1. Could you tell me which of the residues G46, G60 is exposed (fewer than 14 other Cβ atoms within 10 Å of the Cβ) and out of contact with any Asp or Glu (no Cβ under 6 Å at 6 or more places or on another chain)?
2. What's the total number of residues in the range 63-72 that are at pLDDT 90 or above and either β-branched (V, I, T) or crowded, with 22+ Cβ neighbours inside 10 Å (or both)?
3. Just a yes or no: is a residue in the range 231-239 out of contact with any strand residue (DSSP E or B) (no Cβ under 7 Å at 6 or more places or on another chain) and at pLDDT below 70?
4. Quick one: K100 ticks every box in (1) more than 24 Å from T28 (Cβ to Cβ); (2) of a type in the set (K, R); (3) assigned by TED's automatic domain parsing to the domain that holds K160 bar one, so which box is it?
5. Right, T94: under 29 Å from Y139 (Cβ atoms) and not acidic (D, E) or not?
6. Within the range 1-119, considering only helices (runs of 4 or more DSSP H) that don't extend past its boundaries, which have at least 2 residues that are out of contact with any Gly (no Cβ under 7 Å at 6 or more places or on another chain) and farther than 25 Å from T148 by Cβ?
7. Looking at the range 155-166, which of its residues are over 17 Å from G129 (Cα atoms) and either at pLDDT 90 or above or not assigned by TED's automatic domain parsing to the domain that holds Y139 (or both)?
8. Can you list residue pairs whose Cβ atoms sit under 7 Å apart, with the first residue in the range 212-240 being not assigned by TED's automatic domain parsing to the domain that holds A266 and the second being surrounded by 16 or more Cβ atoms within 10 Å (Cβ to Cβ) and modelled with pLDDT of 75 or more? Count only pairs 6 or more apart in sequence or on different chains.
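The values are calculated or read from the model by the stated rules, or taken from the named source; none is laboratory data. Everything numeric here is computed off the predicted structure, so don't read it as measured data. Cβ sites come from the backbone with ideal geometry, for glycine too, and all protein chains shown count toward neighbours.
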Amino acid sequence: MSESQTCPRRMAEPGPWERQEGLDRWETGHGTVDQDRVGLSCSFCGSLNPDRFLELVREGWIVGPTDKSYKAYLDRPATDEQKQEEKERWIAGTTGQAVKRAAEAEGKTSEQVAEELDQAYRSENPMAGSAGQVAKFYYQHLSAEQQTEFITLYNERRMKVGYQATSTCRRSSHLARPDPPPVPTTPHPRRPAVAASPVKIFGREPSVILGAFAIVVQFVSAFVINVSQDTQTAINAVAAALVGFIVAYMVHDEGTFAAFVGLGQAALALAMNLGLHWSGDKQTAFMALFTILGQFWLVRDRVTAPVTREGLRLAA
């Protein structure tokens, strides 16, 4: 059985196809693998028939996740037995057992442990009520009346919406509710990516300070004190190491200790260049002392163990 129709995507979207009405049909053989089991589909874009789509939504099928504002997936709702089996399987798995051990280690009661498991399960399985994805649907196929009905079903909480489901019908509705937010009339604009604000020292970026310092060193060498090129290089190296250490210390970075040791090495190199005559043993002893001071001062409070006391590995 098939029925003639005109796919709105054929007429509105750019592509190497004819733009004439009546070229498309509602028939089987399109869409997702199991889509033929629930209804006819568009021969052009593979969307489920809009009448069948709304019928299944009314019956409690789940409007599932999609990253496109004009598309939705339909998931068959799982039975109570299927939901319970899936939850028990998750609890018996690695993550469920880790959550259980952590809750028990904190001295929580059995009821509190069960609540912890339930919350963790729902958080990790936002589509837990689904028995599997069955069909896809493109919102362009909804008529004006169907758009209004779809928005009403959502705003009256008579629609099951999966995690991150996009529900955009491009039509306004006065039936908005505060939580969750009503169906948007237009897709949400993407927020531009904003780079993190760089660390600043005295209101300036570290690179600016280093550049200014290098110029000052050159000026002093040219007009005040005659400083050799090697000494200028050593001075700039100390300045770079100092600024690197300050930045690492300010942001509580785990590389603070390495930056501190690098600062000591650069300072020692500058001192030797300026006339300090230390044997290799003395230099080694100095760096050993410098390293111990760094470990005592910096390492303990700036390195985070990768595993908690309960044995849960932290995210990198």
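1. So the residue among G46, G60 that is exposed (fewer than 14 other Cβ atoms within 10 Å of the Cβ) and out of contact with any Asp or Glu (no Cβ under 6 Å at 6 or more places or on another chain) is G60.
2. 2
3. No, there is no match, as no residue in the range 231-239 is out of contact with any strand residue (DSSP E or B) (no Cβ under 7 Å at 6 or more places or on another chain) and at pLDDT below 70.
4. Of the numbered conditions (1) more than 24 Å from T28 (Cβ to Cβ); (2) of a type in the set (K, R); (3) assigned by TED's automatic domain parsing to the domain that holds K160, the odd one out for K100 is (3).
5. No: the conditions fail for T94.
6. Of the helices (runs of 4 or more DSSP H) lying wholly inside the range 1-119, those with at least 2 residues that are out of contact with any Gly (no Cβ under 7 Å at 6 or more places or on another chain) and farther than 25 Å from T148 by Cβ span 80-92, 94-105.
7. N155, E156 - these are the residues of the range 155-166 that are over 17 Å from G129 (Cα atoms) and either at pLDDT 90 or above or not assigned by TED's automatic domain parsing to the domain that holds Y139 (or both).
8. Listed pairs, sorted by first residue: none to list.
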